[in-house]
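> The structure's right below; bear with me while I get my questions together.
The values are calculated or read from the model by the stated rules, or taken from the named source; none is laboratory data. Since we're looking at a predicted model, the values are computed, not measured. Glycine gets a Cβ as well: all are built from the backbone with ideal geometry, and neighbour counts include every protein chain shown. For the accessible areas, the whole protein counts, side chains as well, though only heavy atoms, and no ligand, DNA or RNA atoms are used. Shrake-Rupley method; radii C 1.70, N 1.55, O 1.52, S 1.80 Å.
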Amino acid sequence: TKAVNVIVSNTIGKGIKATAKGNNPERTNALFKQWSEDCDFDSKLNLSGLQSLIMRTVVESGEALILRSKTKKDGLKLQVLEGDYLDSSKDGTAKNGDVITQGIQLDKKGKVVGYWLYESNPNENGIGFYNANSRFIKASQIIHVFNVERAGQLRGLPWGVSGMTRLRGIDQFQDARVEQMKVAACFAGFIVDDENTASKGDILPV
């Protein structure tokens, strides 16, 4: 947790801000500031808070999905989603010949054209991945954020993946050690007089 907090703090800080140039930048900056305070689809964070959330999600989960929705009433809204929203069971060939890999649809040239997303996180709503329904979202509505480490990479990896196996082993060792000490604390020794020759208050030889 501390490592993630340090990464987010050093990367985002108080928020990465944009400054307009050209004609009437004051008006543009004022409009952008107004939008940045009310750009969250869930109405919980401002733009700086969303940036921190995206960075934290990328570090912990390896990737973050940002769904852009726009209406005449609310304007442009940004919704941050975890990688669990991607329907990784979608794998094969679409009806139009596009290739679908891990829930990401690519055209014949290999360009990403869309994503298959669950309507809600299957891990949290009790439905499960096998019973949840997904829908196709055009790539123009999605910002897929992850660290690209090789050519053709489609999904991201958690930044701590290389140490997860070792950390899991340490966690299991600590649990086993605690149980061992609990069992050891239950052992006790008793001195008894089988022949019943001692009087009350006498000290029996060991």
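> Within the stretch 136-152, is there a residue that is over 20 Å from the mean Cα position of the chain (by Cα) and over 30 Å from Ile7 (Cβ atoms)?
Yes, because at least one residue in the stretch 136-152 is over 20 Å from the mean Cα position of the chain (by Cα) and over 30 Å from Ile7 (Cβ atoms).
> Consider Leu53 carefully, then state whether it is open to solvent by 20 Å² or more (accessible area, probe 1.4 Å) and not aromatic (Phe, Trp, Tyr).
Considered against the rule, which asks whether it is open to solvent by 20 Å² or more (accessible area, probe 1.4 Å) and not aromatic (Phe, Trp, Tyr), Leu53 comes out as yes.
> May I ask you to list pairs of residues, at least six apart or on different chains, whose Cβ atoms are under 9 Å apart, with the first in the stretch 70-87 being without any contact (Cβ under 8 Å) to a residue 40 or more places away in the chain and the second being among the polar types (S, T, N, Q) and part of a strand (DSSP E or B)?
Once the first residue is without any contact (Cβ under 8 Å) to a residue 40 or more places away in the chain and sits in the stretch 70-87, its partners that are among the polar types (S, T, N, Q) and part of a strand (DSSP E or B) give Lys77/Ser69; Lys77/Thr71; Leu78/Ser69; Gln79/Ser69; Tyr85/Ser134.
> A further question follows. Which one is least open to solvent (accessible area, probe 1.4 Å), of the residues in the stretch 19-50 that are outside any helix (DSSP H, G or I) and either within 28 Å of Glu149 (Cβ to Cβ) or of a type in the set (S, T, N, Q) (or both)?
Asn46
> Now for a different question. Is it the case that Arg68 is assigned to a strand (DSSP E or B) and open to solvent by 70 Å² or more (accessible area, probe 1.4 Å)?
So Arg68 fits the description; yes.
> From (1) touching a Lys or Arg at 6+ places or on another chain (Cβ under 6 Å); (2) part of a loop (DSSP other than H, G, I, E, B), pick out the condition that doesn't hold for Lys14.
(1)
> Residue by residue through the stretch 71-89, note down the ones that are within 20 Å of Glu124 (Cα to Cα), open to solvent by 30 Å² or more (accessible area, probe 1.4 Å), among the charged types (D, E, K, R) and not in a strand (DSSP E or B).
Correct list: Asp84 only.
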